[in-house]
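The values are calculated or read from the model by the stated rules, or taken from the named source; none is laboratory data. Keep in mind that this is a model prediction, so the values were computed, not measured. For neighbour counting, all protein chains shown are included, and Cβ atoms are generated from backbone atoms with ideal geometry for every residue, glycine included.
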Amino acid sequence: MTQFDLFPLWNSLRIAAISSVIIFFLGILLGYYVSKLPRLAKGIIDVVLTLPLVLPPTVVGYFLVVILGNKSPLGQFLSTIGLPFFMTWRGAIIASTVVAFPLMYRTVRGSFESFDENLADAGKTLGLSNTYIFWRIRIPNCKSGIIAGIVLAFARAIGEYGATSMFVGYIQGKTATIATAVYQYWTIGNNTFALIYVLINLVLSAIVLLGLNYFEKPRRNR
Amino acid sequence: MSIFINIKKSYKTFLLEMCFESKTNTLALLGASGSGKSMTLKCIAGILKPDSGKIIINDKVVFDSENRINLSPQRRNIGYMPQNYALFPNMSVQENIATGLHKFKLDKEEIEKQIKEIIDLLQLTGLENHKPHQLSGGQAQRVALARILVSRPDLLLLDEPFAALDDYLKTRLQMKSKEIIDKFNIPTILVTHNRDEAYLLADEIGIIDKGSLIIKKEKKELFKEPEFYSAALLTGCKNITKVIKEKNKLNLLDWGITIEAINKDCSYIGVRAHNFKVSNKNSGYEIQIIGISEEPFEKLVRFRFKNQNIDSEDVYWKINKNDTVEDVKYIEFDKKDILYLK
């Protein structure tokens, strides 16, 4: 029997953490700009940004292979400068970012849309700069949506399987994650190890969701 | 203050065509909801951009579509208090007030000193660390006012400042706010649908109807001579009838009576509910009383003239609580109390 390997746990955590940081800023930025767009443009961009949520992850993986795989010009270029994404753990960051991003984006956009614009208007007439209004008024008052979004995205990134396995595969000690490890152990008949990773995944996700409920205080009426 | 505004803005099917000039200290814009009052304030504050036109405040051009001038709200220095007061929910009372001082880049001590001064003045002591959701309507309004006053605006815009408050608090708060605003001597434009509020707070009142200002006058003058149908309604005149001029008589079509014509064009006349008097067969008009309802300190009588048009509304007559009018058959009204309306 092979030795139980903790690398997939560590790898999953770092991949999810790094994608969450990217998703955090990207989600706030895009969530804000899309919430300000006129109806038609909003509808179109919204579809594009939300698609990864409803597409099968394998389809996302397919696109990633086409765009960044070792046969694509971009993929080859990245290889020559020593920064390949295909079949590396960096690639797993891209995969989980793309798949988990819509959760953050949609939640954040929703909370920006329900933000009372009177607050921003009042701020402007008081002479506050737009930057001040964004960071000190808009963001704090959309806090619960932002936290909910990033926690959901993190949970999704931890559990990402389809796009990851297509784009970076399962290379022990390199691209193995919890989700791909479960499948790998199961196919080789190592049910014990598969079960351990199933349990690890369950516990992790439960903790994340508990945290979500803790931060998501009921909104106070004004 | 001097304000000149001549702007157009369309929004869906609504067209705002606002044009007026005022040099008064407090101007009230009185209009029904949806008449374009708030939109006007937002254009002045720079929150909405008019399609075309010009806005000049105290000789400063803040908007001029021809010369492509459109100052940002930050550069207009106009205080704007929206209907819901827009206190920042994530900040305490002091932090909210501090945002009004932010632009002056003062040191910490000076900020604290000014916050303390305004908190004392507006009687907000003890609430410094409260969050907006912990405040009553009146307190929230005072915090909003404090936040604006510390920012030293050249002009104050108040959008329905008392609409969200309970009736029993209203009058007291109106007086208090007026006192404070007068103390700071900041010219003010306020928007309201409440004639009492407009009368109490303003020197001059403009009537807004369907996106335009139809008349603007010193307040006493306006209540005496509203000139327009909608202005009469908004100043609280309950009884208005269509009229038609026949030789030297005015035929009051809805009421089925005639009065002496005057040398003035009018399509309607109005008589305020408290301007009817008991009369007799020789000099009065015959009426039939429909009903009497009691208000806290007055009685409201509904009656119809003998030949009143069947489709027209009952006429309202306000009388003292102690008067008995059940047997009244004839009423009259003074010529000087008639409002001739276009």
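Which ones in segment B:131-154 are surrounded by 23 or more Cβ atoms within 10 Å (Cβ to Cβ), charged (D, E, K, R) and either free of Cβ contacts under 8 Å to residues at least 60 places away in the same chain or in a loop (DSSP other than H, G, I, E, B) (or both)?
Passing the criteria: only B:R142.
Taking B:F4, is it aromatic (F, W, Y), closer than 22 Å to B:I148 by Cβ and away from chain A (no Cβ under 14 Å)? Steps first, answer last, please.
Values: aromatic (F, W, Y): yes; closer than 22 Å to B:I148 by Cβ: no; away from chain A (no Cβ under 14 Å): yes.
Taking the combined requirement at face value, the residue does not satisfy it.
Tell me, which residue of segment B:94-113 that is of a type in the set (A, V, I, L, M) and buried (at least 16 other Cβ atoms within 10 Å of the Cβ) is nearest to the chain's Cα centre (by Cα)?
Keep residues of segment B:94-113 that are of a type in the set (A, V, I, L, M), which gives B:97-98, B:101, B:106, B:111.
Subsequent filtering for residues that are buried (at least 16 other Cβ atoms within 10 Å of the Cβ) retains B:97-98, B:101, B:111.
Details: B:I97: 27, B:A98: 30, B:L101: 30, B:I111: 35 Å.
Going through the qualifying residues, I end up with B:I97.
Just for segment B:95-125: of the residues that are in contact with a helix residue (DSSP H, G or I) (Cβ under 9 Å, 6 or more places away or on another chain) and part of a loop (DSSP other than H, G, I, E, B), which one is farthest from B:K178 (Cα to Cα)?
It comes out as B:L106.
Rundown of residues vs (1) among the aliphatic types (A, V, I, L, M); (2) closer than 15 Å to B:K238 by Cβ, yes/no style:
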residue: B:I262; (1), (2): yes, no
residue: B:D265; (1), (2): no, no
residue: B:H274; (1), (2): no, yes
residue: B:I287; (1), (2): yes, no
residue: B:P296; (1), (2): no, no
residue: B:K299; (1), (2): no, yes
residue: B:W317; (1), (2): no, yes
residue: B:L341; (1), (2): yes, yes
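Is it the case, given these coordinates, that B:R68 is basic (K, R), more than 30 Å from B:G236 (Cβ to Cβ) and away from chain A (no Cβ under 11 Å)? Full working, then the answer.
Working: basic (K, R): yes; more than 30 Å from B:G236 (Cβ to Cβ): yes; away from chain A (no Cβ under 11 Å): yes.
It is true that B:R68 is basic (K, R), more than 30 Å from B:G236 (Cβ to Cβ) and away from chain A (no Cβ under 11 Å).
In segment B:1-48, what residues are outside any strand (DSSP E or B) and surrounded by fewer than 17 Cβ atoms within 10 Å (Cβ to Cβ)? Explain how you work it out, then say what you get.
Filtering segment B:1-48 for residues outside any strand (DSSP E or B) gives B:1-2, B:12-13, B:23-25, B:32-48.
Correct list: B:S2, B:K12, B:T13, B:K23, B:N25, B:A32, B:S33, B:G34.
Test B:L157 against the criterion of being in a strand (DSSP E or B), in contact with a Leu (Cβ under 8 Å, 6 or more places away or on another chain), crowded, with 19+ Cβ neighbours inside 10 Å and more than 14 Å from every other protein chain (Cβ to nearest Cβ), and give yes or no. Talk me through it step by step, then tell me what you get.
Details: in a strand (DSSP E or B): yes; in contact with a Leu (Cβ under 8 Å, 6 or more places away or on another chain): yes; crowded, with 19+ Cβ neighbours inside 10 Å: yes; more than 14 Å from every other protein chain (Cβ to nearest Cβ): no.
So B:L157 does not fit the description; no.
For the list (1) more than 24 Å from A:V54 (Cβ to Cβ); (2) without any contact (Cβ under 8 Å) to a residue 24 or more places away in the chain, I need the number of the one condition that A:V182 fails.
Among (1) more than 24 Å from A:V54 (Cβ to Cβ); (2) without any contact (Cβ under 8 Å) to a residue 24 or more places away in the chain, the lone unmet condition for A:V182 is (1).
For (1) more than 14 Å from every other protein chain (Cβ to nearest Cβ); (2) over 30 Å from B:G79 (Cα atoms); (3) assigned to a loop (DSSP other than H, G, I, E, B), each residue gets a yes or a no:
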residue: A:I67; (1), (2), (3): yes, yes, no
residue: A:Q76; (1), (2), (3): yes, yes, no
residue: A:F86; (1), (2), (3): yes, yes, yes
residue: A:A92; (1), (2), (3): yes, yes, no
residue: A:T97; (1), (2), (3): yes, yes, no
residue: A:R106; (1), (2), (3): yes, yes, no
residue: A:S111; (1), (2), (3): no, no, no
residue: A:F115; (1), (2), (3): no, no, yes
residue: A:A122; (1), (2), (3): no, no, no
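Can you name the residue in segment B:74-93 that is of a type in the set (A, V, I, L, M) and more than 7 Å from chain A (Cβ to nearest Cβ) and is also surrounded by the fewest Cβ atoms within 10 Å (Cβ to Cβ) among such residues?
Checked segment B:74-93; the qualifying residue surrounded by the fewest Cβ atoms within 10 Å (Cβ to Cβ) is B:M91.
So is B:K116 more than 19 Å from B:N77 (Cα to Cα), in the same structural domain as B:C43 (by TED's automatic domain parsing), without any contact (Cβ under 8 Å) to a residue 24 or more places away in the chain and surrounded by 14 or more Cβ atoms within 10 Å (Cβ to Cβ) or not? So that I can check it myself, show each step before the final result.
Values: more than 19 Å from B:N77 (Cα to Cα): yes; in the same structural domain as B:C43 (by TED's automatic domain parsing): yes; without any contact (Cβ under 8 Å) to a residue 24 or more places away in the chain: yes; surrounded by 14 or more Cβ atoms within 10 Å (Cβ to Cβ): yes.
It is true that B:K116 is more than 19 Å from B:N77 (Cα to Cα), in the same structural domain as B:C43 (by TED's automatic domain parsing), without any contact (Cβ under 8 Å) to a residue 24 or more places away in the chain and surrounded by 14 or more Cβ atoms within 10 Å (Cβ to Cβ).
For B:E128, state whether it is free of Cβ contacts under 8 Å to residues at least 24 places away in the same chain, more than 26 Å from B:I44 (Cα to Cα) and out of contact with any Cys (no Cβ under 9 Å at 6 or more places or on another chain).
Numbers: free of Cβ contacts under 8 Å to residues at least 24 places away in the same chain: no; more than 26 Å from B:I44 (Cα to Cα): yes; out of contact with any Cys (no Cβ under 9 Å at 6 or more places or on another chain): yes.
Considered against the rule, which asks whether it is free of Cβ contacts under 8 Å to residues at least 24 places away in the same chain, more than 26 Å from B:I44 (Cα to Cα) and out of contact with any Cys (no Cβ under 9 Å at 6 or more places or on another chain), B:E128 comes out as no.
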